[in-house]
Amino acid sequence: MTRTGMRPMTPAYAAPEQLTNAPITMATDVYALGVLLYVLLSGVHPTGAQASSPAAVVHGILHVGPPPLTQSVPGVGGELQTILGKALKKSPQERYGSATAFADDLRRYLTHRPISARPDTLLYRAAKFLRRNRVPVAAGALLVMGLTAGLFAVNAERVIAERRFDQLRALSAKVFELDKAIVGLPESTLARQRLVTASLQYLEGLAKDVHGDLDLMLALGDGYWRVAHIQGVPLDANLGEYDKAERNLEIAERYVDALRTERPDDRHALLLALNIAQDRMIMADEGRRRE
């Protein structure tokens, strides 16, 4: 210090408050570090002033803002410009509170993490996360795409299965209607046998896809029960095929029992179980199998 009233400083790196005799704080050091980093990156002073012109230096420090680095330094990102802009604010209150906070934001920039100098938004954090985790995110995206394709395929299978269930329910309802319509016709026995054969072929095909599907079990149980009625349950006109009817009642009972083990309160399954039990009782009584 060689002049009265002057503070010790390096003019080119002095903060505005040093030139106006305002209080000196840690933010003053932040400004000097910001100037240093700006010079290291661009090769010029942020105010464009030359040390040979004291008046220009003072005017630049107090009134001239630093030109954006992105205009003169290739490859410098906007975030680095934001960090420098905060460090070089004219007002000490708007700068980083300490050199540690300044350095921390620089480290965050270098490691692709959200910086404090920029408003924190969900989109911004997400973009940083993606930039920081490109490989795992890409792998995750591929996994999601694979799962989506798998779910699409599963959903397609579910639609097909539901369509089959609807067809089966429709078939079960039509079996009795068709049978009643042809009972009195000439050669009705042959027609009824063909109806039973076609129904059993369809039921056996669907049984291969049951795989524990409870709704399909109920539909299969109902289908076998209806076919058994046509074959030989002595409540209506039947084909007299009592052994076959007994076997299909047993098959129907197995499906319904398996379903009721999992869904004991299923009222449709309970009603079907009671109907099957009644039919088996009637057939046992007809065959004098009272036990």
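Distance between the 7 Å Cα→Cβ label points at M145 and D166: 3.3 nm. Per residue, the solvent-accessible area of the range 39-114 (1.4 Å probe, heavy atoms of protein chains only, all protein chains present) comes to 54 Å².
If the chain linking A277 and Q201 were pulled fully straight, counting 0.36 nm for each residue of separation and taking away their Cα-Cα distance, it would gain 24.9 nm. The portion of the accessible surface of the range 191-257 made up by carbon and sulfur, rounded to a whole percent, is 48 (1.4 Å probe; DNA, RNA and ligands excluded). Note on M26 and T261: the model spin-label points, each 7 Å out from Cα along the C-beta direction, lie 7.1 nm apart. Given R0 = 30 Å, the distance between the Cβ atoms of R131 and A99 translates into a calculated FRET efficiency of 0.70. Peptide packing: for 69-79, 239-249, 25-35, 106-116, the average count of neighbouring Cβ atoms within 10 Å per residue gives the ranking 25-35, 239-249, 106-116, 69-79, highest mean first. Taking the protein heavy atoms of the range 29-110 in the context of the full set of protein chains, the accessible area attributed to carbon and sulfur is 60 percent at 1.4 Å. Rolling a 1.4 Å probe over the protein heavy atoms gives the range 189-275 an accessible area of 53 Å² per residue. Straight-line reach from K90: taking Cα to Cα under 18 Å and skipping same-chain neighbours fewer than 8 places apart, the aspartates and glutamates in range are E17, D29.
For K180, the lysines whose Cα falls under 23 Å of its own Cα, not counting residues fewer than eight places away in the same chain, are K244. Here the spin labels are modelled as points 7 Å beyond Cα on the Cα-Cβ line, and at F152 and L40 they lie 5.1 nm apart.
The values are calculated or read from the model by the stated rules, or taken from the named source; none is laboratory data. Just so it is clear, the structure is predicted and the values come from calculations on it, not from any experiment. Backbone-built Cβ (ideal geometry, glycine too); neighbour counts: all protein chains shown. Ligands, DNA and RNA are excluded from the accessible area calculation, which covers all protein heavy atoms including side chains. Shrake-Rupley method; radii C 1.70, N 1.55, O 1.52, S 1.80 Å.
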